[in-house]
1. Work out the P(r) tail for segment 122-220: percent of alpha carbon pairs separated by more than 15 Å, whole number.
2. E234 versus A110, label points 7 Å from Cα toward the beta carbon: distance in nm?
3. Between E185 and E322, what length comes free when the chain is fully extended (0.36 nm per residue of separation minus the Cα-Cα distance, one decimal in nm)?
4. If you stretched the chain out fully between K57 and T154, how much longer would it get, using 0.36 nm times the residue separation minus the C-alpha to C-alpha distance?
5. For the residues L319, L255, L205, what sequence is obtained by ranking on other C-beta atoms within 10 Å, fewest first?
6. Using the number of other C-beta atoms within 10 angstrom as an exposure proxy, rank M150, M189 with the fewest first.
7. For segment 71-180, list log₁₀ I(q)/I(0) at each q in 0.16, 0.18, 0.21 Å⁻¹, using the Debye formula over Cα point scatterers of equal strength and ignoring solvent, two decimals each.
8. Kindly provide the GluC sites (Glu not before Pro) of segment 259-321 that DSSP labels as loop, not H, G, I, E or B, and whose Cβ sees at most 12 other Cβ atoms within 10 Å.
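Just so it is clear, none of the values below were taken in a lab; they were calculated from the coordinates. Small disclaimer: the values here were computed from a predicted structure and weren't measured. Heads up, the Cβs are rebuilt from the backbone with ideal geometry, glycines too, and the neighbour counts pull from every protein chain shown.
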Amino acid sequence: MLLNKCFCLALIILLTVSAVGMLGCIEKEQEPVKVGVVFEACGLDDAFNNLCFAGAKRAEDELGISSEYVVATAAPEFEELQRSYAESGEYALIICTGANQADAVMNVSADFPGQNFALIDRAVAERANVAAFIFRDEESSFLAGALAAMVTKTDKLGFVGGMDIPAINRFLVGYQAGAQYINPECEIMFSYAGSWSDPDKGKELAVAQYDAGADIIFAAAGLSGEGVIDAAEERGLYAIGVDTDQRYLAPDNVLVSVLKRTDVVIFASIKETVEGDFKGEVRSLGLKEDGVGISLDNALPIVSDEMKARISEISGKILSGEIAIPATIAAASGGRTFVVNATPSVPPFWKSVPGFESPQADIRVQKHPAFYAEPCSYRCRAYRMEQTDAPSRLQW
């Protein structure tokens, strides 16, 4: 009898320990998938980053994941922050927002082949553990340029970019091409703030363009672009927002916004990771994929139903391939290259350059320390100059 009691007691203890162990395993299995996000310098003050963050928060709500984020204060920190996440081994996916993080992603992903990364807004060489997403912003910007050309009273439009990089120049060339599609005589001015987080600089550049006759300015400059919208509100003129619908910043002055649906892309990337379907590849997203668009439904009242119908018609032509849009300044120029000699024969603020229409034109331009602080224009042609002591090459 005593042996039976001892056996029963031992069995109870064994079953209890097993149950506790199984409970621990269940609890461990239920730990949420962790995602780390590395943002560029503006953090969540920037519309682009804020939209990316919204995608991660949606994944928390709908997929039960856990997300954390860090903000790089300068470009050299990208690799350090990405590497810190990767070394921990805790994150199923590391999301890196912004084209400037590409080099760091390629370096860190090579050292951690078992760690998955998502790079937003830049195409890179394909790698099994890197999903790179690039947006055909030239398509949505074409629509914005076309609409601006319909609305403008001065036939002068402006553009303020954050940096002179391919990701921003896609906006510029699309905007320029769309405006020229409607009105070949439309004049485009453009400037670069040199920062994503300097609204005062953005405002300064916008004021210069408004003073030069522009009545609509497209701002693709992160937080710096909010300075453009502020200038539009002060002058009683128009701005075009970017990434998300920015009309809330100036309800009477943001004509329309060019949309980049990074939130949808980030949610989808996290969902694929959770479901074990992560794919290391480069994906291009445009109007067809609903990756870009414009906020026609919340455009200012000055945008008539006829204008909206025309934009819808143009969108259909882009989708069908009837309208081909350049994605780079070189493509927009048809490959024609101009030699620029840095000699003081033309003022730094250009309105026209004699002989510019000739593919063999020798254009002489004054060196100017604040070149990017001055808007440049020649009809609807977009062009730029690198500031160097030696002759440089210009493509438009």
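1. On the way: 2971 of 4851 pairs.
Here the tail beyond 15 Å accounts for 61 percent of pairs.
2. Taking the simple label geometry, E234 and A110 are separated by 4.7 nm.
3. In short, 47.1 nm is gained.
4. On the way: separation 97, 0.36 × 97 = 34.92 nm, distance 4.30 nm.
Extending this stretch completely gives an extra 30.6 nm.
5. Details: L319 13, L255 27, L205 32.
Placing the least packed residue first, the sequence is L319, L255, L205.
6. Details: M150 17, M189 26.
Final ranking by Cβ density, sparse to dense: M150, M189.
7. Values returned for q = 0.16, 0.18, 0.21 Å⁻¹ are -0.74, -0.84, -1.01.
8. Values: sites: E272, E275, E281, E289, E306, E313; in loops: E275, E281, E289.
Sites meeting the loop and neighbour criteria: E275, E281.
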